[in-house]
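Report on the following structure.
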Amino acid sequence: MKDFSEFNGRYQSDLTDAGFDTLAVRAGQVRTHECEHSEAIFTTSSYVFNSAAEAAARFSGEVPGNVYSRYMNPTVRTFEERLAALEGGELCAATASGMAAIYSVCIAHMQAGDHLVSSRSVFGSTNIQFERYLRKFNVDITYVDLLDIDAWRAAIKDNTKMLFLESPSNPLTEIADIRALAELAKETNTLLVVDNCFCTPALQKPLALGADLVIHSATKYIDGQGRCIGGAVVGSAELIEPVVGVLRSVGPTMSPFNAWVFLKGLETLGLRMKAHSENALALAQWLEQHPKVTKVNYVGLPTHPQHELAMSQQTLGGGVLSFEVAGGREAAWKVIDATRMISITANLGDTKTTVTHPGTTTHGRLTDEQRDAAGISQALIRIAVGLEDVQDIIADLASGLDAL
Ligand SMILES: *Cc1c(COP(=O)(O)O)cnc(C)c1O
């Protein structure tokens, strides 16, 4: 076989000082002797050894190398190295879903008798996971208002191990002061875990703001085209290694095919997040002046009460906004049902614009009192703005709004 070491030398560029988009395209790639330009997909469950002695050395970890794809896989590793580079973290662990990423972090870093403080405004399944599958193992949980730093401080007890949040929140786009909460976490010897799904590292890097761990649902903007389910955790080696241990023994690892899809998604992440943000801002500005719209929640708008804080920690507003219409649930449903192009689905982070009515879907299980406390009115509509021409998105919403 031809010796490709010289060829590999030619293409092993030093990316130490490379910019975000360069890392997004090139970080983590190791070419094989086939000289493929794009990244290969390694669909293999196990790996062969040259001898029994080599197998023994690989299994014991004495010699690094591939053993079994629940433990490591070259395509998954390329995705992990690329996302770690983009988030500015030492290590990344890829998982089968965003929920698997959250649970792996929880069981790696907490045990029975520990306490978790979580923002009240987290993804619905995250809330269910905490309530059903952490409490049963005697992990105590306190929910606090995302914006109320004093409430976070007051909730922390001697046994608190972790603080958990999403920013911007869904669907109200409230902003956590990540720097202040990172300070609080350091002071109280707790871990600050940030679900960075809505911003992605293209817009916000929580580790640089002082967070300890970043969580992703790769299903959303990292894929960007609504194809695969996956997740990831990024942070220091010290905090990621225990998570890798959980993945290896519990098993919710990422498939190589999905890793490849996400890897190609990362290559256009910067461009897409910019385009999602531009479309969302244009739509938010149009909604703000519409006579039937009573409120618009979008962090990119200068009128957002936390616009300044948001712009000090994220570079653009991102693709998700929500708004209220005059006329409550009936009016909100009319606007949704009048759309012809926009997809009625709860997913987000897709090239295709999606619309949901949080009050009767994602937040439908809450009691009226809980919904009021969370600020989710029946007049609220959430839009995850896609990459269609913005005038077409506006026209699709205008048909229902103008008819109210
Ligand atoms: C979708 C989502 C998750 C869960 O991710 P899955 O890939 O669906 O398991 C977690 N957090 C946020 C903010 C999400 O939007």
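The values are calculated or read from the model by the stated rules, or taken from the named source; none is laboratory data. Bear in mind that the values here come from a model prediction, so they are computed numbers and not experimental data. Heads up, the Cβs are rebuilt from the backbone with ideal geometry, glycines too, and the neighbour counts pull from every protein chain shown.
Structure summary
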quantity: Of the criteria (1) within 26 Å of L86 (Cβ to Cβ); (2) in contact with a strand residue (DSSP E or B) (Cβ under 7 Å, 6 or more places away or on another chain); (3) within 16 Å of the ligand (Cβ to nearest atom), which one V299 fails; calculated: (2)
quantity: Test: Q313 is away from the ligand (no atom under 16 Å from the Cβ) and either free of Cβ contacts under 8 Å to residues at least 60 places away in the same chain or in contact with a helix residue (DSSP H, G or I) (Cβ under 8 Å, 6 or more places away or on another chain) (or both); calculated: yes
quantity: Residue in segment 68-110 that is nearest to the ligand (Cβ to nearest atom), counting only those that are part of a strand (DSSP E or B) and surrounded by fewer than 24 Cβ atoms within 10 Å (Cβ to Cβ); calculated: L91
quantity: Selection count, segment 337-361, where residues are surrounded by fewer than 19 Cβ atoms within 10 Å (Cβ to Cβ), away from the ligand (no atom under 16 Å from the Cβ) and of a type in the set (A, V, I, L, M); calculated: 3
quantity: Filtered residues of segment 355-388 (kept if acidic (D, E) and more than 18 Å from L147 (Cβ to Cβ)); calculated: D368, E369, E388
quantity: Check on V233, within 16 Å of the ligand (Cβ to nearest atom), crowded, with 23+ Cβ neighbours inside 10 Å and β-branched (V, I, T); calculated: yes
quantity: The one condition in (1) more than 16 Å from the ligand (Cβ to nearest atom); (2) buried (at least 22 other Cβ atoms within 10 Å of the Cβ); (3) in the same structural domain as E388 (by TED's automatic domain parsing) that H276 fails to fulfil; calculated: (1)
quantity: Per-region count, segment 112-137, residues assigned to a loop (DSSP other than H, G, I, E, B) and not aromatic (F, W, Y); calculated: 7
quantity: Restricting segment 247-270 to residues that are among the aliphatic types (A, V, I, L, M) and either in contact with an Asp or Glu (Cβ under 8 Å, 6 or more places away or on another chain) or crowded, with 21+ Cβ neighbours inside 10 Å (or both), the residue that is nearest to A96 (Cα to Cα); calculated: M254
quantity: Segment 361-398, residues that are at pLDDT 95 or above and either assigned to a helix (DSSP H, G or I) or not assigned by TED's automatic domain parsing to the domain that holds A280 (or both); calculated: V390, Q391, D392, I393, I394, A395, D396, L397, A398
quantity: Segment 321-360: number of residues that are in a helix (DSSP H, G or I), touching a residue at least 60 places away in the same chain (Cβ under 8 Å) and over 23 Å from I175 (Cβ atoms); calculated: 6
quantity: Selection within segment 144-183 - more than 16 Å from the ligand (Cβ to nearest atom) and assigned to a helix (DSSP H, G or I); calculated: I149, D150, A151, W152, R153, A154, A155, R179, A180, L181, A182, E183
quantity: Residue list for segment 111-140, restricted to those being of a type in the set (A, V, I, L, M), modelled with pLDDT of 95 or more and either within 16 Å of the ligand (Cβ to nearest atom) or crowded, with 16+ Cβ neighbours inside 10 Å (or both); calculated: L116, V117, L134, V139
quantity: Verdict on I141 being hydrophobic (A, V, I, L, M, F, W, C) and part of a strand (DSSP E or B); calculated: yes
quantity: Evaluation of D337 against (1) within 24 Å of the chain's Cα centre (by Cα); (2) more than 30 Å from S38 (Cα to Cα) (one fails), failing number; calculated: (1)
